[in-house]
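The values are calculated or read from the model by the stated rules, or taken from the named source; none is laboratory data. On a predicted model such as this, the values are computed, not experimentally measured, just so you know. Note: ideal-geometry Cβ built from the backbone for every residue, glycine included; neighbour counts use all protein chains shown. Accessible surface areas use protein heavy atoms only, side chains included; no ligands, DNA or RNA. Shrake-Rupley method; radii C 1.70, N 1.55, O 1.52, S 1.80 Å.
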Amino acid sequence: MLEKLKQLFAQVDMTEGRPWEKIVVFTIPMLIGNIAQQLYNTVDSIVVGRYVGDNALAAVGSASPILNLLLVLFVGISMGASIMVSQYFGSRDRENLSRTIGSTITLTAAATLFLMVFCSVLIRPVLHMLNTPDSILDWCASYLLIWLMGIGGSAYYNILCGVLRGLGDSLSALVYLLVATVLNIILDVWFVTGLRLGVAGVALATVIAQMVSAVLCFLKLRRMTHLFDMEMKYIKPHRENIMTVMRLGLPSGVTQAIFSLAMVIVQSLTNSFGEMVIAANVIIMRVDGFAMMPNFSFGTAMTTYAGQNVGARKLDRVKEGARQGTFIAAGTSAVITALILLFGRNLMAIFTNTSELVILSADMMSILAAGYIAMAVTQSLSGVMRGAGDTVTPMWISMVTTVAIRVPLAYGIAWATRTPELPQGRYQCIWISLLISWVLGAALTVFCYRLGKWKKKIL
């Protein structure tokens, strides 16, 4: 029994065995983890909304876009580290693997210290610049300040999970996330309902839970000495490794930042259509968060798969896995699309009792449904290119589809469909533009993958 448990938590070597099987086994824990993460965030909102009030819920919600932008730096470091670790693991390069992991730990510490010192003094000026209402400004500021003071936990958890995934271990990352989720729920309820700490209690619960999960990730890595060394000479910063991590990871961070900013721009268009459309958009985005999980999980799995196999110089195996992984991801999304089309109104009714809003949300969700298949192709093949070391091409594709296509198209359709009865145009422009950008993104991704320039980016 003990031996089977050890095998379950062992790293997955994706350079051997049937590609599709390795990809699926690696993806399932990440998919469960993504669902847990979504529930993690949902519980925060439920607790603060029900036990503190609507203004407290608004304060936490207003802080979220700022937190997403702050995490962009760590998204980049995590992606760069995961790519390097997977390639060096695949090539059995113990020296560079040790240097990369050690340099990543040092780089994360430096980035954490920078954000804690630099961003803490900017919290209130930024909140004023964003026209945060006075009624929630103090709550927003306290939430962000506590979160920044404990940002090390979130940073190290996300980045060390990236290292574990690069080594082929997605199951440990899942277990530690589940531990953090359960701990966060318990602390949320205790701090908010028992100690009456309000918004600060929610922030404090999140910080503690993420610190615990970060420590568990670090202890797991300390036990993997059969793969790499974690001596002081490797923990010291190595300029070449740090620069490579940043070169590989920065495009992913930039992509996330641009996507966040583009969403803000489109949100202003959504607001112009009134409260009903705004509410429908909120519901759709919540359902979308779950519908996209398989795509993001397969994309991350393909990054690790490609990284290990290009490190082992098995390019034919990379192509075989790319075909099989993309096919499975698209098939999974096709099932999700069918469920959305069949049970759309039932899904929307979970969020509201207003029949008009249920019908509106379900109709708009049906516009997006087929786009999830396109996104499965984009995420899978982008994952392959990133795993090979080409993080720039997916960045440009994302920028083109989001900034050059989606935003102008949304405003263009709205302008072209204006009538005396609809002075703002047709609200469907929001979701039609998103669908078109997803489909064109998939076409561009397939073209760039087949072009093959990603093969020249191998470390």
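Counting only helices (runs of 4 or more DSSP H) wholly contained in segment 1-110, the ones carrying 3 or more residues that are closer than 28 Å to GLY194 by Cα, modelled with pLDDT under 75 and open to solvent by 30 Å² or more (accessible area, probe 1.4 Å) occupy 19-51, 54-70. Among the residues of segment 418-458, those identified as more than 23 Å from PHE327 (Cβ to Cβ), open to solvent by less than 60 Å² (accessible area, probe 1.4 Å), in a loop (DSSP other than H, G, I, E, B) and of a type outside the set (A, V, I, L, M) are THR419, GLY425, GLN428. Of ILE373, ILE359, ILE397, all but one fail to be at negative phi, open to solvent by 10 Å² or more (accessible area, probe 1.4 Å) and without any contact (Cβ under 8 Å) to a residue 24 or more places away in the chain; the exception is ILE359.
For segment 260-275, indicate whether the set of residues that are under 19 Å from SER98 (Cα atoms) and touching a residue at least 24 places away in the same chain (Cβ under 8 Å) is non-empty.
Looking only at segment 260-275, we keep the residues that are under 19 Å from SER98 (Cα atoms), and these are none.
No.
Scanning segment 274-332 for residues that are closer than 30 Å to PRO423 by Cα and either touching a helix residue (DSSP H, G or I) at 6+ places or on another chain (Cβ under 8 Å) or open to solvent by less than 10 Å² (accessible area, probe 1.4 Å) (or both) gives MET276, VAL277, ILE278, ALA279, ALA280, ASN281, ILE283, ILE284, VAL287, ASP288.
Summed over segment 131-148, residues that are part of a helix (DSSP H, G or I) and farther than 20 Å from ASP188 by Cα total 3. Taken over segment 111-132, the criterion of being open to solvent by 30 Å² or more (accessible area, probe 1.4 Å) and either touching a strand residue (DSSP E or B) at 6+ places or on another chain (Cβ under 6 Å) or touching a residue at least 60 places away in the same chain (Cβ under 8 Å) (or both) is satisfied by VAL126, LEU130. Is it true that ALA257 is within 23 Å of ILE66 (Cα to Cα) and more than 16 Å from the chain's Cα centre (by Cα)? So ALA257 does not fit the description; no. The single condition among (1) open to solvent by 30 Å² or more (accessible area, probe 1.4 Å); (2) over 30 Å from GLU95 (Cβ atoms) that PRO237 does not meet is (2).
Of the helices (runs of 4 or more DSSP H) entirely within segment 149-260, those holding at least 1 residues that are on the phi > 0 side of the Ramachandran plot occupy 198-222.
Test HIS226 against the criterion of being more than 27 Å from the chain's Cα centre (by Cα), open to solvent by less than 80 Å² (accessible area, probe 1.4 Å) and farther than 21 Å from TYR157 by Cβ, and give yes or no.
Values: more than 27 Å from the chain's Cα centre (by Cα): yes; open to solvent by less than 80 Å² (accessible area, probe 1.4 Å): no; farther than 21 Å from TYR157 by Cβ: yes.
No.
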